[in-house]
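Peer 1: One structure, as structure tokens, below. Some questions next.
The values are calculated or read from the model by the stated rules, or taken from the named source; none is laboratory data. Here the structure is a predicted model, which means the values were calculated and not measured. Glycine also receives a Cβ, built like all others from the backbone with ideal geometry; neighbour counts cover every protein chain displayed. Heavy atoms of the whole protein, side chains included, go into the accessibility calculation; ligands, DNA and RNA do not. Shrake-Rupley method; radii C 1.70, N 1.55, O 1.52, S 1.80 Å.
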Amino acid sequence: MATTSKAEMEDVREVFDLFDFWDGRDGLIDAVKVGDLLRCVGLNPTVEMAIKHGGTKKAGEKQLAFEEFLASYEAVKKEKDVGTYKEFVEAMKSFDREGQGYISAAEMRHMLTAMGERLTDAEVDEIIRLTDTREDLEGNVKYEDFINKVLKGPDGKDI
């Protein structure tokens, strides 16, 4: 996507205005909330990415006007920092005790909800549903298949 469409712009404005309403209606939002705003408009930046594009670690450090937040939105929308297949396989391999390419579904859930950029249980449930991931009879998941499906995204196109 090269430019922001009118519909996207309206969505971004609506979310910005809602956060501004909660912050006192001064036309500014606290930069610590950049990541939250971006997630509300359908993006999924890491904390690091949100900070790189205008966010802050602490409340009260900086305020952003809509135009500044829109620039953050457009920059993050172009980012492709989703990790590599190899990185994901290496992370899962550490739980593959027998080296057979499987990880227990419980360990996979724990890994996704308790490490790195933590996901909620609901987000993990959604990923499992969208990837149609199923456990074998012993409660294990073939992690390379799971990673491939995640990297394909819900529409089947590479992320």
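Peer 1: Based on DSSP H runs of at least 4 residues, each adding -39500 (n - 2.57), what is the mean residue ellipticity at 222 nm of the chain after dividing by all its residues, to the nearest 500 deg cm²/dmol?
Peer 2: Numbers: 8 runs with 83 residues, N = 159.
Taking each H run of at least 4 residues, the total per residue is -15500 deg cm²/dmol.
Peer 1: To continue, here is another question. Would you mind pulling out the separation of the Cα centroids of the range 122-137 and the range 33-59, in Å?
Peer 2: 26
Peer 1: With θ taken as phi - 60° and the coefficients 6.51, -1.76 and 1.60, list the Karplus ³J(HN,Hα) couplings across the range 35-41 in order, rounded to whole Hz; mark glycine and proline as x.
Peer 2: x, 4, 4, 4, 5, 5, 9
Peer 1: Follow-up. Under the Kirkwood approximation applied to all pairs of distinct alpha-carbon atoms, what is the hydrodynamic radius of the chain in Å?
Peer 2: Every distinct Cα pair counted, the radius reaches 17.6 Å.
Peer 1: May I pose another question? How large is the accessible surface per residue of the chain, computed with a 1.4 Å probe and reported in Å² as a whole number?
Peer 2: 65
Peer 1: Counting only protein heavy atoms and using a 1.4 Å probe, what share of the accessible area of the chain belongs to carbon plus sulfur, as a whole percent?
Peer 2: Numbers: 5400 of 10340 Å².
Ligands and nucleic acids excluded, carbon and sulfur reach 52 percent.
Peer 1: Could you point to the residue in Tyr102, Ile128, Phe19 farthest towards the positive end of the range 19-142's charge dipole, with +1 and -1 charges on the Cβ of Lys/Arg and Asp/Glu respectively?
Peer 2: Checked the options; the winner is Phe19.
Peer 1: For the range 54-159, with the dipole built from +1 on Lys and Arg beta-carbon atoms and -1 on Asp and Glu ones, taken about the Cα centre, which of Ala91, Asn140, Leu70 lies farthest toward the positive end?
Peer 2: Positive-most Cα among the choices belongs to Leu70.
Peer 1: Longest span of the chain, sites excluded, free of trypsin sites (Lys or Arg not before Pro) in DSSP loop with at most 12 other C-beta atoms within 10 Å?
Peer 2: 26-56
Peer 1: To the nearest 20 debye, what is the magnitude of the charge dipole of the chain about its Cα centre, counting +1 on the Cβ of each Lys and Arg and -1 on the Cβ of each Asp and Glu? Intermediate results must be reported in sequence, preceding the final value.
Peer 2: Working: 23 positive and 35 negative charges, 62 e Å.
It comes to approximately 300 debye.
Peer 1: For the range 7-159, how many pairs of lysine residues have a Cα-Cα distance under 18 Å, where the two are 8 or more positions apart or belong to different chains?
Peer 2: Close lysine pairs under the 18 Å cut-off: 23.
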